[in-house]
Amino acid sequence: MDSEVKTDASISNANSNTKHRLEENSENEERAAKRQALPIQATSNLTNNGIETSPFKAGNVELVTRPHRSHLVDWIKLHPKAIVLTADLTSSCEADVVRDNLPDQYLSMGMAEQNMMSFAGGLAREGFHPYIHTFGVFVTRRPFDQVAMSIAVPNLPVRLLGFLPGLTTPGGVTHQAIDDVALFRAVPNMTILEVGDASEVESVMDVAESIDGPVYVRMWRGQVPRLFSTPMKFGVVRVLSEGTDFVLITSGICTEESLKARRSFKAAGVAVKHLHLSTIVPFPSNVIVKAAEKCKYGVIVMENHSIIGGVGSATSEALAEAGIGRKLIRLGVPGVYAHGASCDYLVAEYGFDSTALIRAAESLTGKQIAVAVETEEGSTNQPALSAEERPEDL
């Protein structure tokens, strides 16, 4: 790494140069305008209305062990401007392979997330593309001011990978990022992505790299199911099934969980239009509104986040602004702090597992739907991680 990166002299010079800052602000406004003008698409294999269908087929579901870690070194090698930054959670965020194999593209910033965010902003001003790896709460809640002032205001290409989103950790309230989307939805210039399977984990860095500005990614680590055969596409909504009874909107881990209810819906004759979101901001309002207009009963949103400020809130805003009078049910963390436990237990306890989805669909449609949840028979599991291989259980 160039020695100039190791000091803040060049950053200070950039900050003190008024002319440079004025030119930069003009460029940032231009970039923000371009970003807002990008069309939002959905997935019927990229039809002319922007929707790509990714029908989920029953059968074997492959579990991929650490897909992010497996391809991270090769990806970083191909992007010489990329620098991975961690804050004392290197192995836990699967970035140890970069530390061990590409030390010139790695920085350990210690347990000081606020400083790491401002430092990353400085690196971005000097032409680098920082890729921060830490837990979601330590990207959003703890260093919020530094992210806003040092990264988002100047619209810098810093990529913030937040692991353990929502209730995917038994670490309790200190580690559960249930408000990260709500916080960053309010930050101008910020793009928010969320991965829902191994294919999206493997392709999300390509998407993030293509975006001219800061990006927050709700990331998945460890063993991840492969649900899709195609990579993530920016602004594209995957349509997993077609139907006109109600619209189901899911993201992240909730997409896999919701698919367990398919058999129940089919047996009850309930036709569901299932939309999987990987781009949260900018929100695909046009896709959501068009789907809601064609459904009979309403919309259900299922998210690994507080029901306040996340995808459910964004959906309600889109429907209200379009004047669409459809009932909306939001499944997620119901405005409380959760306790520590396994993810499977927590999503059931707080009412956003597949059984809760079936009950919500009953309430919405007025139809009786027997619980015939998909089992994991036929899943193709790779060997479980050993105690030594597992990251810390937080």
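The values are calculated or read from the model by the stated rules, or taken from the named source; none is laboratory data. What you see is a predicted model, and the numbers here were worked out from it, not measured in a lab. For neighbour counting, all protein chains shown are included, and Cβ atoms are generated from backbone atoms with ideal geometry for every residue, glycine included. Side chains are part of the model used for accessible areas, which takes the heavy atoms of the whole protein and leaves out ligands, DNA and RNA. Shrake-Rupley method; radii C 1.70, N 1.55, O 1.52, S 1.80 Å.
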- Evaluate the following for residue 328: is it at pLDDT 95 or above and more than 26 Å from residue 69 (Cβ to Cβ)? yes
- Given (1) modelled with pLDDT of 55 or more; (2) of a type in the set (S, T, N, Q); (3) surrounded by fewer than 17 Cβ atoms within 10 Å (Cβ to Cβ), number of the condition residue 365 does not satisfy: (3)
- Could you tell me whether residue 299 is buried (at least 21 other Cβ atoms within 10 Å of the Cβ) and without any contact (Cβ under 8 Å) to a residue 60 or more places away in the chain? yes
- Note on the structure: Result of the Cβ filter at 7 Å on the stretch 325-354, keeping first residues that are within 13 Å of residue 173 (Cα to Cα) and partners that are open to solvent by less than 50 Å² (accessible area, probe 1.4 Å) and in a strand (DSSP E or B), at least 6 apart or interchain, is 333/305; 333/306; 335/306
- Query: From the residues in the stretch 88-123 that are touching a strand residue (DSSP E or B) at 6+ places or on another chain (Cβ under 6 Å) and in a helix (DSSP H, G or I), which one is surrounded by the most Cβ atoms within 10 Å (Cβ to Cβ)?
  - Reply: 120
- Task: Search the stretch 311-327 for residues being closer than 22 Å to residue 254 by Cβ and of a type in the set (A, V, I, L, M), and hand back the single one that is nearest to the chain's Cα centre (by Cα).
- Result: 311
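Tally up the residues in the stretch 171-206 that are under 20 Å from residue 305 (Cβ atoms) and part of a helix (DSSP H, G or I), please.
Residues flagged as under 20 Å from residue 305 (Cβ atoms) and part of a helix (DSSP H, G or I) within the stretch 171-206 amount to 9.
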- Take the residues in the stretch 284-296 that are part of a helix (DSSP H, G or I) and in contact with a Lys or Arg (Cβ under 7 Å, 6 or more places away or on another chain), then tell me which one is surrounded by the most Cβ atoms within 10 Å (Cβ to Cβ). 291
- Query: Taking the stretch 304-335 as the search range and keeping residues that are buried (at least 16 other Cβ atoms within 10 Å of the Cβ) and of a type in the set (Lys, Arg), which one is nearest to residue 349 (Cα to Cα)?
  - Reply: 330
